[in-house]
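Before any comments, here is the structure.
The values are calculated or read from the model by the stated rules, or taken from the named source; none is laboratory data. Bear in mind that the values here come from a model prediction, so they are computed numbers and not experimental data. Methodologically, a virtual Cβ is constructed for each residue, glycine included, from the backbone with ideal geometry; neighbour enumeration extends over all protein chains shown. Side chains are part of the model used for accessible areas, which takes the heavy atoms of the whole protein and leaves out ligands, DNA and RNA. Shrake-Rupley method; radii C 1.70, N 1.55, O 1.52, S 1.80 Å.
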Amino acid sequence: RQAVMPRADWRGQRVLVSAGPTQEALDPVRFLSNRSSGKMGYAVAEAARDRGAEVVLVTGPTALPPPAGMAVVTVTTAQEMADALSQRFAWATVVVMAAAVADFRPTEPARQKIKKQGQSRLSLELEPAPDILAMLSAMRTSQLLIGFAAETEDLVPHAQAKLLAKGLDLIVANDVTRVGAGFGSDDNAAVVLSRTGPPREFGLMPKRRLADELLTAALELARAGTV
Ligand code: CTP
Ligand code: CA
């Protein structure tokens, strides 16, 4: 395998990257969220920056320091992330949607703290949150669209279905149950699917290296004019 060398092959590209989880308020002190650490999205943003791209990172709440050399927009909810990304979508040549966005959110967050007294059970009513990728896909002019798929079973068929349903160019399929990969880890393993070529399997490697492999695959696709 080729060593990762400093290169500027992404110069001229404007890359919009989303990362991290979203948080949906249940009441003023509680929220629904997920286990995303933001590491994979940040790695993609940093890799694109280092290869010469202009980068805007839209990130949910993470424990990571904001990367230098790019604009960083912090958001909390799926709606805020949808707004931040759609505002900047026309600017972008490539969008990488690595964020773990809420699928459902409380229909109406309680105005006051939910009290436990006198309740033997508690049901939450949730409504769908906006599917940002599907939304961006519908707004698309010539952007290359890259999604992620977090799966716990039937990795490739589920990811393939998302690739087609959301009209993506590439999807990075992650088995989030795999030990040493995925949530919180510095490493990841993935299968990258495109609509045109064969699937490419990447074994466990640092997220930064996987990010570089992804960018290389994306550039090949853009250059092949299949997009
Ligand atoms: N995504 C999004 N907006 C959402 C949910 C997901 O843009 N509200 C994006 C993610 O950022 C990811 C892709 O869609 O790039 C796939 O996310 P995933 O959670 O794997 O799939 P879903 O389509 O949400 O389906 P499910 O969670 O039911 O598997
Ligand atoms: Ca989802």
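A few comments on the model shown:
- Inter-probe distance in nm under a simple model that places probes 7 Å from Cα toward Cβ, at Ala222 and Asp131: 2.6
- Shape analysis of the stretch 161-205 places it in the prolate category; the axes a ≥ b ≥ c from the Cα gyration tensor give an a/c of at least 1.5, with a/b above b/c.
- Of the beta bridges in the stretch 105-227, as assigned by DSSP with both residues counted there, near 65 percent are antiparallel.
- For the stretch 57-182, the solvent-accessible area of protein heavy atoms averages 55 Å² per residue (probe radius 1.4 Å; ligands and nucleic acids excluded).
- Each residue of the stretch 87-151 gets 129 Å³ once the volume of the Cα convex hull is shared out per residue.
- The solvent-accessible area of Thr177, taken with every protein chain present and a 1.4 Å probe, is close to 90 Å².
- Label-point separation in nm, Leu204 to Glu153, each point 7 Å along Cα→Cβ: 2.4
- Under the Debye formula (equal points on every Cα, no solvent term), log10 I(q)/I(0) of the stretch 152-227 at q = 0.17, 0.26 Å⁻¹: -0.64, -1.26
- Computed from label points 7 Å out along Cα-Cβ, the spacing between Leu124 and Thr74 is 2.3 nm.
- Percent of beta bridges antiparallel (DSSP, the chain, rounded to nearest 5): 40
- Solvent-accessible area, 1.4 Å probe, carbon plus sulfur percent, for the stretch 1-160: 50
- Base-10 log of normalised Debye intensity for the stretch 1-124 (one unit scatterer per alpha-carbon) at q = 0.15, 0.21 Å⁻¹: -0.72, -1.13
- Accessible surface of Val176 - all protein chains present, 1.4 Å probe, nearest 10 Å²: 40
- Length gained on full extension, Ser142 to Ala90, computed as 0.36 nm times the residue gap minus the Cα-Cα distance: 17.8 nm.
- Computed about its Cα centre, the charge dipole of the chain is approximately 340 debye, with only Lys, Arg, Asp and Glu carrying charge at their Cβ.
- Semi-axis lengths, Å, the stretch 40-199, gyration tensor of Cα atoms, sqrt of 5 times eigenvalues: 29, 20, 18
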